[in-house]
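What follows is a single structure, written as structure tokens, with notes after it.
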Amino acid sequence: MNGRIVARAIFETRPAAEGNTAWVDVQVHPQFRRRGLGTALADQLETLATEDHRTSLVVYAVSKAAAGERLRSPTGFGSVPAGNAEVRFLLDRGFRLEQVNRASRLALPLAADIVDGLVEQSQQRASPDYRLHQWSGRTPDRWLDDMALLFTRMSTDAPKADLDVPEDVWTRQRLIEYEDRAETGPKTSVISVVEHRPTARLAGITELGVSAEPDRPVSQNDTIVLKEHRGHRLGMLLKAANIRSLQSTAPGHPSIITFNAEENQHMLEVNEAVGFSAIGYEGAWKKVLAPS
Amino acid sequence: MTDFTLERIAIPAHLDDPDEADFIGADFIGADFIATVEVRNATEADGYGTEELSAPPPNCCRSGSTRSTNRSSCLRLE
């Protein structure tokens, strides 16, 4: 508008063999809303999706807190303000609310006695069958296959409501190539994993994405404990141990930010016990398109 | 009255990659992409009430994006 970029839309897909969903996003600068920009971009996205033979659209939209009537998630967990502009916009365009996600923040540094206590308590709860390993950056060669499995399970085991999330298969080679690219990227990974000693296989992982600039927040990336290893307090062990590692190797960041599905009650309870608190919510919405 | 235009661009792999100039114009040095990230950051700050969710443009390039495709932003769902 007048030579300035004031809105953007994103269209993101996976190979058609992995499903017919397109992940979309429309963002209009707050100073340029109510001028038809969002509608024009959304129309473009739907045209693009139809041309690309996509049959469902998924969008994640921030919903600011507001009083009044609520639109509840069909998962039974969480809701968004029914009167918000983005909610009315999406409903008018035929989207359905599928899931509510919580954004949470942990202020850093976490006191050493608190984080040490959390690590110690969770280690006592975990069986001696489990052993912690930690690193930054590239995955050690011995764990490449296990890490590929854990990342694959993130796409199948995380709560996904009715959002048509396809299995995202990771292999040793794909992980190597991803880490080749990441080495030139702007963030470093700080990783903690637990090994199941009787099988010498990894049972869980958590990963923090750390910017080089110490004044930027750290992003909490994947956390998963394989289903067959749950119930041993490994999620808390991983989280607390990784925060301790972060504070040791990359101190000075102001916070950690994480997003969780509101129905992921176990992970939310772990996060709250560590000290995370909610800073906002977003809806995950889906629209089913007529086949082209 | 429509007083805006829409233009399609791709997400560059790097902001300093001269090959990326092809898709957006000869004078591309990342300015337009950076402007789209500024829009993203403004909307995130408005929605969450904090600028802590802002992302520097390199984090939103393809090489700096996340593994997951299930959240179209520079952050991701745990």
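Taking the average, over residues, of other Cβ atoms within 10 Å as the packing measure, peptides A:268-279, B:34-45 rank B:34-45, A:268-279 from highest down.
Only lysine pairs 8 or more places apart or on separate chains count here, and in the protein assembly as shown those with Cα atoms under 24 Å apart total 9.
Size check on the range A:109-253: the Cα extents along the three principal axes, sorted descending, read 41, 37, 35 Å.
Look at the stretch A:1-13: the mean tally of other chain Cβ atoms within 10 Å of its residues' Cβ atoms is 5.
Could you give the C-alpha radius of gyration of the range A:96-184 expressed as a fraction of 2.2 N^0.38 Å, taking N as the number of residues it contains? With N residues counted in the range A:96-184, Rg over 2.2 N^0.38 Å equals 1.44. Using the Cβ-Cβ distance between A:R72 and A:E272 with R0 = 30 Å, the FRET efficiency computed as 1/(1 + (r/R0)^6) comes to roughly 0.90.
Look at the dipole of the range A:109-253 built from charges on Cβ: of A:G252, A:A161, A:G235, the Cα furthest out on the positive end belongs to A:G235. If you look at the Cα atoms of the protein assembly as shown, you get an Rg and a Dmax of 20.7, 69 Å. Between the listed residues A:A182, A:A66, A:S219, the Cα displaced farthest toward the positive end of the dipole of chain A, a dipole computed from Cβ unit charges relative to the Cα centre, is found at A:A66. Counting Cβ atoms of other protein chains within 10 Å of each residue's Cβ and taking the mean over peptide A:220-229 gives 2.
Legend: calculated FRET efficiency, A:E12 to A:D129, from the Cβ-Cβ distance at R0 = 41 Å, rounded to 0.05, equals 0.55. Estimated purely from DSSP H runs of n ≥ 4, each contributing -39500 (n - 2.57), the mean residue ellipticity at 222 nm for chain A is -9500 deg cm²/dmol once divided by its residues.
Taken together, the values in this text are just the output of simple stated rules run on the coordinates, not laboratory data. Everything quoted here is computed from the prediction, not taken from an experiment. Reconstructed Cβ throughout: ideal geometry from the backbone, glycine too, with neighbour counts over all protein chains shown.
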